[in-house]
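Taken together, the values in this text are just the output of simple stated rules run on the coordinates, not laboratory data. Everything numeric here is computed off the predicted structure, so don't read it as measured data. Cβ coordinates were reconstructed from backbone atoms using ideal geometry, including for glycine residues, and neighbour counts include every protein chain displayed.
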Amino acid sequence: MKLATRDVTQLFIDDGGVLNDNERRGAEWRRLIGEYLSPRLGGEPPAWGEANRIVVDEQWKRFQAWSELHLLDDEYVDFFSSGDEDSRWLSEMCEHVGVTTPDNCLEVSIATYRHVRERVRSGFEDAAPGVRALFAAGYTLATASGETSEELGGYLVALGIRDCFAGRLYGPDLVRAHKAGPTYYERILADSGLSPANALVVDDDANAIAWAAQAGLQTVHMCRQSEPATTAGHVVGSLLELVDLLNEA
């Protein structure tokens with residue numbers, strides 16, 4: 001079955017698993033945190049990387065407990081909205097490294113995030129050339145990710161493709177819905193003013209593919225390692241394969 005791309009004008013592209021390798025990104029975060037914080041707060045760069053690994057593991061456990069209460073809410077609730085988790089992230093790392101927590105803890109945390117996101121080198125080899133080929137083909141590119149629009153902007157800068165995304169960088173913060181069901185995609189469609197026939201979602205998660213399909217969008221499942229169990233009509237192994245698929249449709 002061919003994609004019905006005649007009316008498709010906009011692609012909604014996921015980040016982790018499609019543009020960036022999440023496993024490599026974790027290692028890059030640890031490296032860049034040490035690069036940024038060591039000359040500012042003291043301690044050795046590897047110590048900062050190890051501290052981040054420990055602290056983020058504990059933060060993830062808190063997030064999972066929080067998620068059980070909030071991820072299916074109709075309205076978006078941000079785990080980091082108060083700034084408490086951001087400050088705790090840095091203060092606990094300082095404790096592990098053995099340096100004094102700065103008085104402007106939240107400000108330093110935010111500056112560290114920005115430094116890392118715009119420099120992290122975890123993009124898949126096909127990500128940048130694939131995006132540029134899709135952009136050159138005339139598609140409007142947007143994101144559809146579980147990360148916030150601010151996070152996504154930084155990662156696209158790091159990949160060198162921020163200029164290709166004329167569409168909005170959709171994360172839960174822009175549509176006030178978690179990426180946890182079809183509501184997320186319904187609100188993207190409402191916000192963008194697009195009809196489902198004009199939109200195509202590219203994601204590596206089978207659940208996300210199913211939710212997008214329920215909202216009426218066409219879908220392509222990015223599967224880089226093994227054949228997935230998926231409701232998507234089409235599966236590709238890279239963004240360059242997606243370019244070929246769309247050209248054939």
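Data table
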item: Crossing angle, helix 84-97 versus the chain [Cα axis fit, 0-90 degrees, rounded to tens]; result: 50 degrees
item: Alpha-carbon centroid distance for the pair segment 37-103 / segment 122-189, whole angstrom; result: 25 Å
item: Between 0 and 90°, nearest 10: helix 149-159 axis offset from the chain longest Cα axis; result: 90 degrees
item: The chain: angle of helix 45-70 to the longest principal axis, Cα-based, in degrees nearest 10; result: 60 degrees
item: Residue among Pro39, Ser82, His96 farthest towards the positive dipole end of the chain, charges placed on Cβ; result: Pro39
item: Cα-centred dipole magnitude for the chain, charges only on beta-carbon of K, R (+1) and D, E (-1), debye, nearest 20; result: 540 debye
item: Residues whose placed amide H lies under 5 Å from that of Asn20, excluding near-sequence neighbours; result: Phe124
item: For the chain, calculated [θ]222 nm from helices alone, where every DSSP H run of n ≥ 4 adds -39500 (n - 2.57); result: -16000 deg cm²/dmol
item: Charge dipole (debye, nearest 20) of segment 23-117; +1 at Cβ of Lys and Arg, -1 at Cβ of Asp and Glu; result: 520 debye
item: Built amide H within the under 5 Å cut-off of Gln218, gap 5+; result: Ala199, Val201
item: His178, His96 arranged by Cβ crowding within 10 Å, fewest neighbours leading; result: His96, His178
item: The chain: antiparallel DSSP beta bridges as a percent of all, rounded to 5; result: 5 percent
item: Order of Glu107, Glu28, Glu125, Glu68 under a 10 Å beta carbon neighbour criterion, fewest first; result: Glu68, Glu125, Glu107, Glu28
